[in-house]
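Novice: Take a look at the following structure, please.
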Amino acid sequence: MNQRITAFVLFFAFLLGTQASLAAEGSKPPKLFNSFDEMQVTFTGPWKTIMRNKKKDEAYPAKFTYTGVDGVEHTIDMTVTLRGITRRRVCDFPPLKLHFDKAAVKGTAFRGNKSLKLVTYCDSNSKYEQYYIKEFLAYRIYNLLTDFSYRVRPLMIDYVDSEKDDKSITRFSFLIEDTDEMAERNGVRELEIPRIPYPQLEPVTTNRLSLFEFMIGNLDFAVTDGPKDDSCCHNSRLIGAGEDVVPKYAVPYDFDSSGLVNAHYAAPPEGLRVRNIRTRLYRGFCIFNDELPQTLALLREKKADILALFQDNPHLTDYMRNDAVDYIEDFYKIIDDPDKLEKEITDKCRGKD
């Protein structure tokens, strides 16, 4: 009899514990990149000091304050470091990497993230903000084409200087999903290898990547090797089941040098015969041309959704919105014309026999 009572008590305690655990899990807010809703954030840090010391690799204290979906104000303490190459050089306010303490983000939308890249406003001139709204939307285009893509979260940030009483500046910015999180979401992991032969790339996603980069007019990328002996690749990352496992997936990022964004500081890569960054040049591999019909069908299917990203965005000026829509429409004119498709895509592929 005592054994039955003891067993019942233990079973009842187990049920209570399970329910409490499920309730606690259910009470957590959606994770940061499970939503594309814009967050209103106050970002406090020593911004003037950072702007004066762009060439120094130092860490600075900062904090995010935002109101969660629970209606409660949250403040997350962190450290920030400077990142980037071109933007770090040309921007008054450089791009940042945010570093979190596990305890500081526990139970928040930021949980599970050790660090995240933040694309900042770069310069107080509003034209820079337009650049990065369009870059954000380039990420969103690729999200529509494949899950093997970086998710992004839009923010409207009040930048408050912790060392000055200056008036804050409010600008659009966005966070980029961490590579490990993106890889885990797709059931694989990040690969740390300097280069790969292109036949090892997965055909379907690689063909989608190539046509996406052609659509946005981006030439500033590589999917088979990177700078010097750094991990592959240039403005893309490799993910897969393992370094010795085929296929591997290249995932692109950093689109501010694209024709779609049309940043005034961007220039075509050396060695390519193109007039300017608005000139499209297909950089896909011929070995994956069999995937073209499927990729083209997907792009046609997603055309309305892609255009709506720009047409419905409230932060773009009319000029920038129309310019972006026209640029994307020009891409569709190419792929919907058999002669142009052959001349500008099929015949321009790399790796012909």
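Novice: Collect the residues in region 119-150 that are of a type in the set (D, E, K, R) and more than 16 Å from the chain's Cα centre (by Cα), keeping them in residue-number order.
Specialist: 123, 127, 129
This table checks each residue for (1) at pLDDT below 95; (2) out of contact with any Pro (no Cβ under 8 Å at 6 or more places or on another chain); (3) closer than 21 Å to residue 303 by Cβ.
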residue	(1), (2), (3)
128	yes, yes, no
133	no, yes, yes
140	no, yes, yes
156	no, yes, no
160	no, yes, no
177	no, yes, no
182	no, yes, no
186	no, yes, no
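Novice: OK, next. So, in region 223-241, how many residues would count as being at negative phi, in a loop (DSSP other than H, G, I, E, B) and in contact (Cβ under 8 Å) with a residue 12 or more places away in the chain?
Specialist: 10
Novice: Restricting to region 273-287, give me the number of residues that are more than 18 Å from residue 131 (Cα to Cα) and surrounded by 11 or more Cβ atoms within 10 Å (Cβ to Cβ).
Specialist: Result for region 273-287: 9.
Novice: Check residue 251 against each of (1) open to solvent by less than 10 Å² (accessible area, probe 1.4 Å); (2) among the β-branched types (Val, Ile, Thr); (3) part of a loop (DSSP other than H, G, I, E, B) and name the one condition it does not meet.
Specialist: Failed condition: (3).
Novice: Please go through region 193-222 and give me each residue that is in a loop (DSSP other than H, G, I, E, B) and either hydrophobic (A, V, I, L, M, F, W, C) or in contact with a Cys (Cβ under 7 Å, 6 or more places away or on another chain) (or both), ordered by number.
Specialist: Scanning region 193-222 gives 193, 194, 196, 219, 221, 222.
Novice: What pairs come up if the first residue lies in region 106-118 and is touching a residue at least 12 places away in the same chain (Cβ under 8 Å) and more than 11 Å from residue 177 (Cβ to Cβ), the second is assigned to a strand (DSSP E or B) and open to solvent by 40 Å² or more (accessible area, probe 1.4 Å), and their beta carbons are under 6 Å apart, counting only those six or more places apart or on different chains?
Specialist: These pairs meet every condition: 108/74; 115/97; 115/99.
Novice: Can I ask one more? May I ask you to list the residues in region 334-347 that are among the charged types (D, E, K, R) and either closer than 17 Å to residue 212 by Cβ or out of contact with any helix residue (DSSP H, G or I) (no Cβ under 7 Å at 6 or more places or on another chain) (or both)?
Specialist: 336, 337, 339, 342, 343, 344, 347
Table: residues versus (1) within 28 Å of residue 171 (Cα to Cα); (2) open to solvent by 20 Å² or more (accessible area, probe 1.4 Å); (3) touching a strand residue (DSSP E or B) at 6+ places or on another chain (Cβ under 7 Å).
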position	(1), (2), (3)
260	yes, no, no
263	yes, no, no
296	no, no, no
300	no, yes, no
314	yes, yes, no
324	yes, no, no
332	no, no, no
350	no, yes, yes
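Novice: So, one more: All but one of (1) of a type outside the set (S, T, N, Q); (2) open to solvent by less than 50 Å² (accessible area, probe 1.4 Å); (3) within 25 Å of residue 223 (Cα to Cα) hold for residue 342, so report the exception by its number.
Specialist: (2)
Novice: All but one of (1) surrounded by fewer than 16 Cβ atoms within 10 Å (Cβ to Cβ); (2) modelled with pLDDT of 95 or more hold for residue 215; state the number of the condition that does not hold.
Specialist: Looking at each condition in turn, residue 215 falls short on (1).
Novice: Any idea how many residues of region 138-182 are of a type outside the set (A, V, I, L, M), open to solvent by 10 Å² or more (accessible area, probe 1.4 Å) and assigned to a strand (DSSP E or B)?
Specialist: Within region 138-182, residues that are of a type outside the set (A, V, I, L, M), open to solvent by 10 Å² or more (accessible area, probe 1.4 Å) and assigned to a strand (DSSP E or B) number 5.
Novice: Something else: Determine whether residue 246 is part of a loop (DSSP other than H, G, I, E, B), open to solvent by less than 60 Å² (accessible area, probe 1.4 Å) and aliphatic (A, V, I, L, M). Talk me through it step by step, then tell me what you get.
Specialist: Details: part of a loop (DSSP other than H, G, I, E, B): yes; open to solvent by less than 60 Å² (accessible area, probe 1.4 Å): no; aliphatic (A, V, I, L, M): yes.
Criteria not met by residue 246.
The values are calculated or read from the model by the stated rules, or taken from the named source; none is laboratory data. Bear in mind that the values here come from a model prediction, so they are computed numbers and not experimental data. Reconstructed Cβ throughout: ideal geometry from the backbone, glycine too, with neighbour counts over all protein chains shown. What goes into the accessible areas is simple: the full protein's heavy atoms, side chains included, and nothing from ligands, DNA or RNA. Shrake-Rupley method; radii C 1.70, N 1.55, O 1.52, S 1.80 Å.
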